[in-house]
Amino acid sequence: MDSIKKLVGYPMKELVPLITDLLKDGKDVIITARGNSMRPMVKNLRDALILTSYKGNAEVGDVILYKRESGAFVLHRIVDKSEDGSYVLMGDFQLVREEGIKESQILASLSGYIRKGRTVLCSSKRYQRYKNRWTGSKTRRKLYIKLIGLGTYTKAVLKKLFHG
């Protein structure tokens, strides 16, 4: 990337035209993750997402940035493809599928993320292991979500207990 500018505090709807223009020019874009739907892969306001221009023909397992009919911009994983060619998506930290996402709604694909200064590319073995382990089974996903929730609850209780 030629230059990186920090754009903090701007709503996503204001950033998307800029992001879209950069992607159309063939440039990768790095933005801070917002929201918890893709935990544990990326954490809200801590990790950065590396977005690449969408080239078409997304596959099950790919993570894409798309625009919902409501106008909201969302980063979720493709979990299935419907017979009509639309995509079924779901956040890694969710159990509800979102159906009917059209190719025209897709703005970018995730090519990697940055956590604590370390880049993890979606093509890496580390990421592929994560993707296969996390997305391989709905039962496993439910268990992971419960365990992560229990860990978060336990941390909150211990923090209150020891830090007032």
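The values are calculated or read from the model by the stated rules, or taken from the named source; none is laboratory data. Worth saying up front: this structure is predicted, and the values here are computed from it rather than measured. FYI the Cβ positions are ideal-geometry reconstructions off the backbone, even for glycines, and counts take in every protein chain you see. Quick note on the areas: whole protein, heavy atoms, side chains included, nothing else; ligands and nucleic acids left out. Shrake-Rupley method; radii C 1.70, N 1.55, O 1.52, S 1.80 Å.
Before moving on, here are some points about what is shown:
- Condition check for Gly85 on (1) in contact (Cβ under 8 Å) with a residue 12 or more places away in the chain; (2) touching a strand residue (DSSP E or B) at 6+ places or on another chain (Cβ under 8 Å): one failure, at (2).
- Scanning segment 7-53 for residues that are under 30 Å from Lys146 (Cα atoms), open to solvent by less than 50 Å² (accessible area, probe 1.4 Å) and outside any loop (DSSP other than H, G, I, E, B) yields Met12, Ile31, Ala48, Leu49, Ile50, Leu51.
- Filtered by the rule that a residue be in a strand (DSSP E or B) and either open to solvent by less than 20 Å² (accessible area, probe 1.4 Å) or at pLDDT 95 or above (or both), segment 54-74 gives Val63, Ile64, Leu65, Tyr66, Val74.
- Scanning segment 88-110 for residues that are under 25 Å from Lys146 (Cβ atoms) and under 13 Å from the mean Cα position of the chain (by Cα) gives Leu89, Met90, Gly91, Asp92, Phe93, Gln94.
- On inspection, Glu83 qualifies as more than 23 Å from Leu15 (Cα to Cα), surrounded by fewer than 11 Cβ atoms within 10 Å (Cβ to Cβ) and charged (D, E, K, R).
- Under the condition of being open to solvent by less than 80 Å² (accessible area, probe 1.4 Å) and either under 19 Å from Ile30 (Cβ atoms) or in contact with an Asp or Glu (Cβ under 7 Å, 6 or more places away or on another chain) (or both), the residues counted in segment 120-134 number 5.
- Qualifying residue in segment 104-118 (condition: at pLDDT 95 or above, open to solvent by 20 Å² or more (accessible area, probe 1.4 Å), hydroxyl-bearing (Ser, Thr, Tyr) and touching a Ser or Thr at 6+ places or on another chain (Cβ under 8 Å)): yes
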